[in-house]
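Worksheet: the structure to be examined is printed underneath.
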Amino acid sequence: MIPIIYEAYMSKAQKENATRAKMKAEETTDTHVAIFPCPAQGHVSTMLKLAQLLALHGFHITFLNTDFIHHRLHRFGDLEALLQTYPSLQFKTFPDGLPDHHPRSGQSAVDLFQYINLHAKPHIRHILLSQDPGKPKINCFIADGVFGALTIDVAHQVGIPIIHFRTISASCFWTYFCVPNLFQSNQLPITGT
C-alpha cells in the first residue's frame, strides 16, 4: 500500500504546510519536472514524496508511472486529496507491456524491468515532449537510478537534463559505498575458514 497523508489524520503543522503548499503552488515557477520511478512500492513511495517536496517549492511536476501502478495508487491511496493539496502535480501513465494477469512481483519482477526497458522509451519520450495547456514544457527529468541507460537515452533525445535519483535507504547506500573497501581489505569474499 502506498502511504499518503490524509487530511483527517494530519497534525496542525502538516495542515499548515499543506495550506502553504497550496499558496506556494499558485506562485509556481517555470520549472517543470518529470519524475519516473521504478514501478515498485518502495520506489514509487519515495519518488512521490520527492514530487510533493518539489511541488511545495513551486515546481510543476509530472509523475510518470505505469497503468498498473497508477491503478494501485487509485485503489490504495487518495489521489484526489493529493492533487488538491499539490495542484502543480499531475500524473501521466503508460502501459508496461505486460499482460493484465501478470503478477509483477517476486521472481516475475525481472519480466517487468525487461518489458519496461524494451517498450517504455517511446511512451516516455512522448510524455516528455508533450505540453499541457497552462503548464510550461518539461525541462528537467528525474528518473529512478535503476533505469539508467533507458532514461539517459530518452533525455538526450529530447534534449533535457536528467538526474538519477536512488530510492534506497541510507544504510543500503552506505553498504554499497563500503563494499569496494571490504574487497580491498580482503574481508570480502568471505571464505569458509
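Any read-out appearing in this document is the output of simple, stated calculations on the displayed coordinates, not a laboratory observation. Computed from a prediction, not measured in an experiment: that's the story for all the values here. Neighbour counts are summed over all protein chains in view; Cβ atoms, including those assigned to glycine, are modelled from backbone coordinates with ideal geometry.
The figures follow:
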{"quantity": "The range 82-169 - charge dipole about Cα centre, Lys and Arg +1 at Cβ, Asp and Glu -1, debye rounded to 20", "calculated": "260 debye"}
{"quantity": "C-alpha long axis of helix 41-56 to longest principal axis of the chain, angle in °", "calculated": "40 degrees"}
{"quantity": "Length released on extending from residue 137 to residue 149, taking residue separation times 0.36 nm less the Cα-Cα span", "calculated": "2.0 nm"}
{"quantity": "Dipole of the range 28-145, positive direction: furthest Cα of 39, 136, 85, with charges on the beta-carbon", "calculated": "136"}
{"quantity": "Nearest-ten-degree value, helix 170-184 long axis tilted from longest Cα axis of the chain", "calculated": "30 degrees"}
{"quantity": "Size of electric dipole in the range 92-142: Cβ of Lys, Arg +1 and of Asp, Glu -1, about Cα centre, debye, nearest 20", "calculated": "280 debye"}
{"quantity": "Potential lengthening between residue 190 and residue 166 on full extension [0.36 nm per residue; Cα-Cα distance subtracted]", "calculated": "5.9 nm"}
{"quantity": "Cα-centred dipole magnitude for the chain, charges only on beta-carbon of K, R (+1) and D, E (-1), debye, nearest 20", "calculated": "240 debye"}
{"quantity": "Segment residue 176-residue 78, extension gain: residue separation times 0.36 nm, minus the distance between their alpha carbons", "calculated": "31.8 nm"}
{"quantity": "Karplus 3J(HN,Hα) series, Hz, for the range 121-127 with 6.51 cos²θ - 1.76 cosθ + 1.60 (x for Gly, Pro)", "calculated": "3, x, 5, 5, 4, 4, 5"}
